[in-house]
Structures are given as C-alpha cells and as structure tokens.
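Student: One structure coming up, written as structure tokens, with questions to follow.
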Amino acid sequence: MSDFSLLTLLQHTLSNHRKWPKQWRSPAPKASYDVVIIGGGGHGLATAYYLAKNHGPLRIAVLEKGWIGGGNTGRNTTIIRSNYLWEASANLYDHALKLWANLSSELNYNVMFSPRGVMMLAHSIHDEQIFNRHIRANQLLGIDNEWLTPQEAKQFCPVLDIDQNRRYPIRGAALQRRGGVARHDAVAWGYARAADRLGVDIIQNCEVIDIEKGTDGAVRAVETNRGRIESERIGAVAAGNTSVIMGMAGLRIPLETYPLQALVSEPVKPIFPCVVMSNTVHAYISQSSKGELVIGASTDQYVSYSQTGGLHIASHALEAVNEMFPMFRRLRMLRSWGGRVDVTVDRSPIIGKTPVPGLFVNCGWGTGGFKATPGSGHVFAATIANDEPHHLAAPFALSRFVSGAFIDEAAAAAVSH
Amino acid sequence: MLLITCPYCEESRPELEFHYEGEAHIARPLNPTTVSDEEWAEFLYVRSNSRGPHRERWRHLHGCGRFFNAIRDTRTDKFIITYRQGEFPEHEIVEETPK
C-alpha cells in the first residue's frame, strides 16, 4: 500500500476515489503469535504499532471483539492535555503529548491533532489556589501551563462572559497552549493502518473467551470465538472489560467500570476556539472541526457495562454548559452516547506486569484515556518487549495498591468525575 | 434513570432518591493487627466488578435513609432483587468467567 500524499490524492481523484485500497488487511488468526494484544482500541493498536516498530521483528496480533475503535476510543470528547498535578502522571501524559505533536506524519495519517489550547476556568479563590499549584508543579517539570487573568482569558476565548456578578464568576484560568483535540476515529485507523503495514494482524470480531495457563502458571494461549491462539506474552488493553479478562487468568484487580456519557450538538459556525473546562460547574466543551459542540458529562454513580447512562446525568451537563454559556440554550443536541470507563481509586492507570507471568495489563485510564493514547501504547510496548516496566510506566504498577504509593489524581482531577 | 425498589419502604422510586454505596457484603477484617498489606489492599481496593449479576449496596438517602442491598445485572442495569440488611437471598450468579 502506498503512502498518502498529494500525488496519490490526485491519482485517485482521476478515478473518482473509487480505487482506494483497503487500509488494513482482515487476516484469519494464525495458530500462534509472539505477542497477543487483547483490545483493538487506540491504546491496544498503539501498543501493537510501537511493538512492531521499536521492538521487532515480532509476530503480533490485536484481538478485538467488536470493531476497532468502537469502544471508548470512538466515544470520548477527544481532549488532549498533560497538565496533571503529580510528577509521575504529568511526565506520562506529556510523553503522550509530545508524540501527538508529530503523530500525523509518523503514521502518514491525518489524525487532525489541533493544539488549540485547553483552558480551565477558576470560579473561586480555591480554584485559583489549586490551579496555581498545578501551574507551578507543571512549570517545574518544564510542562507549559500558565495563569490568565479574566481579561486575558476572554482575549483567548472571546465567548467567555467575565462579568464578576455572575453566579459563577470567572476569576481567571489556567491555560495549556499545547493541549487541544484530535479526531478520535482517525487515531484508531491511523494506528491500525501503520501497524498493519508493519505486519501486525488486526483481527476484528474476535472475542477472547478464556486465557490458558501452563503448569508453570505462565500464560500459554487465549481461547477465542475464532479458535485457540498460542502466545507466551499477552497484553490486556480492554478498558472497561479488563476485570473480565483478568478474571479469565484468575486475577482480581482494583478496578470498577462506570458509564460515562458525552453529547454533540448540531453543527454551527466556528464560535469556540479552544477547549474550556470548568470543574466548579462541571462542564467541558469544545467545538469539532465539523462545527458540533462536543460536551462531556459525568459518570453515573453505579457500576455498569451497559454503555448507557442516566438521562439526568446528561441533562446536568447541559445545565452546566448553559450556566456558562447562555447563548447555547437554543442549540439542539444531535447525539448522546455512553462509554464504559475503568476507574481506579487514585484515578491513575495501571500499566505493567501482573502476578501471572507473561500477562501484562494496561487499564484504569478511567475518564481520561484518549489523551494518553500514543504515550500509553509506547510505554506499554516497551514494558511487554523488555518484560520490565518502562521507566515512565513504573510508578503505575499494580503493586502500588499494596504498597500504598498512589498517584492520587482523584483529588487533583480537572473535572471531578 | 434507574427505578429502584426500597425493601424497607416497599416502593419503587427514581434513582435520584438513592445513593450508590459500592459492592455489597465486603466485611472489614475482624482483627486488623494481623492483616497483611495484600489483604488490606484486597479489602480496600479490589472489587469483583462483575459483568452480569452484581451484589451492591444502596442507600435510600432521600427516603427512609436506610442502607439495603441489591442484585443488579450490570449488562442491562436491571435489578434482579433488592433486599434488607442482614439478608442474603440465594441467587445463581452466572459467572461469565467460570474460574
């Protein structure tokens, strides 16, 4: 398959774009692989890509029970940022952000990464203090994050109402200019195409039913609805279904799965130049390149795999957006949907080895995994290939729940889910 | 929004009256001084997170205020049964993973 370029675009224009080849193969599963990745979302496909690119040659398969990018990768609000409080997470997310910057050329696929800035609004003295603590912590790590006065915030995002007599006045904002959004489907497709070109077998409609262990306790194979596949190294990147996959290997992990909803409005002309998040009124909003406003809601309170949430949760998000931006009151919502997010107690992911030899896990990204996609795949690939955690992934080991070395972003979340 | 039957009030009420309290029947270790770090981690953080029937605790916060338990299928969010504290109705929990 040839690279995308202006030349190929012109060539295919001559044939009315009817002769574009398939972007990746649909191979039948082989009897064995060196590495099997369970889960064909962004994180799983990125893992396969970096395994093939940086640690090959390896025979790699990605097993996806539905279609690639059909889970949380296709259901999030596409916000990308790295302004986390703790050093371990800020470094991990910034590693991802640096990869985002060149991802389109790296994959030869336009992921439409748009670093338009992520702005977090402060409505109280407490918000101001917390954000300034975040800003200082980020700056010490060399990560851009800056404080804006209400006037500066309005200059950057003209639709803000900075009247100080409002119910939730804007007292300032933290801005990460390198943050932004990307096209979520393109991320899955771009990684899939690039991984496929490096020989990775992407096998869709292939659900893992069981994990088989040898007499030494190490993983030996996965049983799927498309037959048994042998592999001595298995990486589970199954987001909300991780507890189920781990259960197949006899493991219980500190994870719970909750519904998380998002909505998009009818498309309108460009009005919203950046991403705006407000913790206090609990709203986060951006405008897609198509013109739709993309709005994120909260998680429901109960564990669920249903991929639907309560209507009162979605309407609360709209109330919050309308509180912030009364001009959107008459905008109609086009679609709403739910994903299933895998949440840990410290709201930080789990990346690394498990007590079962050969079984690796990358999960617990909770409500904010999309932004980490390239970094997550990159460090997880190194972890699988070297059978020891990548240095950026090491603090996120499963063992932290026993040692107590938490990375407590729960208390530091941009929006409290 | 879920419709939940409080086993004390014996009425079906909207979810907004209730607060979810996490997985049910997790007993605090009786003798904390002898509990290892691994056992504490299991008690505090590890949850079954079942895909299917799930035993969980709810509180009728804006009603009678009492805690009760429920079995709910997490694939459909349908309640199979709600029951009072101290009870443990048998229900054949169909595990998706036999181990």
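The values are calculated or read from the model by the stated rules, or taken from the named source; none is laboratory data. Model, not experiment: these values are computed from the prediction. Counting neighbours? That spans all protein chains shown, and the Cβs are built from the backbone with ideal geometry, glycine included. In case anyone asks, the SASA skips ligands and DNA or RNA and just uses the protein heavy atoms, side chains included. Shrake-Rupley method; radii C 1.70, N 1.55, O 1.52, S 1.80 Å.
Student: What is the residue count in region A:225-245 for residues that are over 30 Å from B:MET1 (Cα atoms) and open to solvent by less than 10 Å² (accessible area, probe 1.4 Å)?
Tutor: Residues meeting the conditions: 5.
Student: For the subset of region A:270-295 comprising residues that are closer than 21 Å to A:ALA153 by Cα and free of Cβ contacts under 8 Å to residues at least 40 places away in the same chain, which member is most open to solvent (accessible area, probe 1.4 Å)? Before you say what the answer is, go through the steps one by one.
Tutor: Restricting attention to region A:270-295, the residues satisfying the condition of being closer than 21 Å to A:ALA153 by Cα are A:270-288, A:293-295.
Checking which are free of Cβ contacts under 8 Å to residues at least 40 places away in the same chain leaves us with A:270, A:287, A:293.
Values: A:PRO270: 130, A:GLN287: 10, A:LEU293: 1 Å².
Ranking the qualifying residues of region A:270-295, first place goes to A:PRO270.
Student: Quick one: is A:GLU319 within 30 Å of A:VAL402 (Cβ to Cβ) and either more than 9 Å from every other protein chain (Cβ to nearest Cβ) or buried (at least 20 other Cβ atoms within 10 Å of the Cβ) (or both)?
Tutor: No.
Student: Looking at (1) on the phi > 0 side of the Ramachandran plot; (2) more than 17 Å from the chain's Cα centre (by Cα); (3) within 14 Å of chain B (Cβ to nearest Cβ), can you tell me which one A:GLN307 breaks?
Tutor: Exception for A:GLN307: condition (2).
Student: Is one or more of the residues making up region B:21-31 away from every other protein chain (no Cβ under 13 Å), open to solvent by 50 Å² or more (accessible area, probe 1.4 Å) and assigned to a strand (DSSP E or B)?
Tutor: The initial filter retains those residues of region B:21-31 that are away from every other protein chain (no Cβ under 13 Å), namely B:25, B:27-31.
Within this subset, residues satisfying the condition of being open to solvent by 50 Å² or more (accessible area, probe 1.4 Å) are B:25, B:27-28, B:30-31.
If we keep only those that are assigned to a strand (DSSP E or B) too, we end up with none.
No - not one qualifying residue is present in region B:21-31.
Student: Among the residues of region A:230-246, is there at least one that is more than 14 Å from every other protein chain (Cβ to nearest Cβ) and over 17 Å from A:GLY44 (Cβ atoms)?
Tutor: Restricting attention to region A:230-246, the residues satisfying the condition of being more than 14 Å from every other protein chain (Cβ to nearest Cβ) are A:230-235, A:237.
With the extra rule that they be over 17 Å from A:GLY44 (Cβ atoms), the set shrinks to A:230, A:232.
Looking through region A:230-246, at least one residue is more than 14 Å from every other protein chain (Cβ to nearest Cβ) and over 17 Å from A:GLY44 (Cβ atoms).
Student: When you look at A:GLN301, is it surrounded by fewer than 21 Cβ atoms within 10 Å (Cβ to Cβ), within 19 Å of the chain's Cα centre (by Cα) and within 14 Å of chain B (Cβ to nearest Cβ), yes or no?
Tutor: Working: surrounded by fewer than 21 Cβ atoms within 10 Å (Cβ to Cβ): yes; within 19 Å of the chain's Cα centre (by Cα): no; within 14 Å of chain B (Cβ to nearest Cβ): yes.
It is false that A:GLN301 is surrounded by fewer than 21 Cβ atoms within 10 Å (Cβ to Cβ), within 19 Å of the chain's Cα centre (by Cα) and within 14 Å of chain B (Cβ to nearest Cβ).
Student: Among the candidates A:ALA385, A:ALA393, which residue alone is touching a helix residue (DSSP H, G or I) at 6+ places or on another chain (Cβ under 6 Å) and either surrounded by fewer than 24 Cβ atoms within 10 Å (Cβ to Cβ) or within 23 Å of A:SER304 (Cβ to Cβ) (or both)?
Tutor: Checking each option against the conditions leaves just A:ALA385.
Student: May I pose another question? Taking region A:252-269 on its own, how many of its residues are buried (at least 19 other Cβ atoms within 10 Å of the Cβ) and more than 14 Å from chain B (Cβ to nearest Cβ)?
Tutor: Taking region A:252-269 as the starting set, the residues that turn out to be buried (at least 19 other Cβ atoms within 10 Å of the Cβ) are A:253-265.
Narrowing the set further to residues that are more than 14 Å from chain B (Cβ to nearest Cβ) leaves A:260, A:262-265.
Here the count works out to 5.
Student: Taking the options A:LEU63, A:LEU51, name whichever one is in contact with a helix residue (DSSP H, G or I) (Cβ under 6 Å, 6 or more places away or on another chain), among the aliphatic types (A, V, I, L, M) and under 26 Å from A:ILE209 (Cα atoms).
Tutor: Details: A:LEU63 fails: in contact with a helix residue (DSSP H, G or I) (Cβ under 6 Å, 6 or more places away or on another chain).
The match here is A:LEU51.
Student: Look at B:LEU16 and say whether it is closer than 24 Å to A:GLY247 by Cα, of a type in the set (A, V, I, L, M), within 11 Å of another protein chain (Cβ to nearest Cβ) and open to solvent by 40 Å² or more (accessible area, probe 1.4 Å). Working first, answer last.
Tutor: Values: closer than 24 Å to A:GLY247 by Cα: no; of a type in the set (A, V, I, L, M): yes; within 11 Å of another protein chain (Cβ to nearest Cβ): yes; open to solvent by 40 Å² or more (accessible area, probe 1.4 Å): yes.
So B:LEU16 fails the test.
Student: Spot the failing condition for A:SER348; the list is (1) surrounded by 19 or more Cβ atoms within 10 Å (Cβ to Cβ); (2) within 14 Å of another protein chain (Cβ to nearest Cβ); (3) more than 17 Å from the chain's Cα centre (by Cα), and only one is missed.
Tutor: It fails just one condition, (3).
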